[in-house]
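Worksheet: the structure to be examined is printed underneath.
The values are calculated or read from the model by the stated rules, or taken from the named source; none is laboratory data. Since the structure is predicted, the reported quantities are computational estimates derived from the model, not experimental observations. Cβ placement follows ideal geometry from the backbone for every residue including glycine, while neighbour counts extend to all protein chains displayed.
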Amino acid sequence: MGSIFAAMRRCQLFDGIPEEKYQNVLNCLHGEVRAIPKDTILLRIGDCQKRPGVVMSGTLRISLYSEDGNLLTIDRLSRGRVFGETLVCSMSQDSPIQIDALNDTEVLYLDFDPLLLQQENGCPYRMRVTANLLQEMGRGALFLNQKMRILAQNRLRNRIKVYLQGFPVASNGEIRLEMGRGEMADYLCVDRSALSRELGRMQKEGILTYQGQVIQILDSKFLTA
């Protein structure tokens, strides 16, 4: 149970709950850990998400298909991240997204019926989990708001700027990204070669430098202008 509890400590869904009570919460929400092999599709577009989950280890990818059939990355979920909560709480029958495993992953599946149906089960932390769930869904709404801001930008450079504004910037101007170049292009809904060209131009203009998943901002006004 040590690895499960370690992931629960990093999951905001369980904030404010003493670790010694984690097992009580798992019993209340009928927690079940499953091993998910790499490249497994956990949820297909059009399917019904019956149970939300928490990533225990590994990485999941949330994506959707564009009108021309390209798979676009919306988000990547690492240890401690929750998925499927909005679909379950909305009781949606048709998922607009696909979820697949980028590597071998462990997932803690939960049952939200005790929260949504207010079932009597004697769990004193049910309200705490419910409050945390509302905060988690609020953060999800903010994430979608940023995504819409990105897509509203006509210029690629502005899309890059809005995307980078969502990351903490170190004192030396360094930003560590969570995606590689290809996935970043998908996230920004642009061609990978166009993204590489624009980053190259920005580097020549002294705005930033980049190497792998690390970008260093040289012009501090770029993110604030």
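Figures for the structure shown
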{"read-out": "Of residues in region 7-34 being under 19 Å from the mean Cα position of the chain (by Cα) and aliphatic (A, V, I, L, M), the one surrounded by the most Cβ atoms within 10 Å (Cβ to Cβ)", "value": "LEU13"}
{"read-out": "Residue within region 131-140 that is in a loop (DSSP other than H, G, I, E, B), within 30 Å of GLY46 (Cα to Cα) and assigned by TED's automatic domain parsing to the domain that holds ASP47 present", "value": "no"}
{"read-out": "Residue check for ARG157: in a helix (DSSP H, G or I), modelled with pLDDT of 85 or more and more than 26 Å from THR59 (Cβ to Cβ)", "value": "yes"}
{"read-out": "Region 43-60 - residue that is surrounded by 21 or more Cβ atoms within 10 Å (Cβ to Cβ) and either of a type in the set (Phe, Trp, Tyr) or in contact with a Ser or Thr (Cβ under 9 Å, 6 or more places away or on another chain) (or both) and, of those, farthest from GLU32 (Cα to Cα)", "value": "LEU60"}
{"read-out": "Any hit, region 61-73, residues being part of a strand (DSSP E or B) and either under 21 Å from ARG126 (Cβ atoms) or free of Cβ contacts under 8 Å to residues at least 24 places away in the same chain (or both)", "value": "no"}
{"read-out": "Hey, GLY140 touching a residue at least 12 places away in the same chain (Cβ under 8 Å) and closer than 30 Å to GLU19 by Cβ or not", "value": "yes"}
{"read-out": "Yes/no for ILE45 being outside the structural domain of MET179 (by TED's automatic domain parsing) and within 14 Å of the chain's Cα centre (by Cα)", "value": "no"}
{"read-out": "Candidates ASP68, ASP75, ASP113, ASP104 - the one that is more than 30 Å from LYS21 (Cα to Cα) and surrounded by 13 or more Cβ atoms within 10 Å (Cβ to Cβ)", "value": "ASP75"}
{"read-out": "Where VAL162 falls short, out of the listed (1) surrounded by 12 or more Cβ atoms within 10 Å (Cβ to Cβ); (2) more than 23 Å from ARG81 (Cα to Cα); (3) modelled with pLDDT of 90 or more", "value": "(2)"}
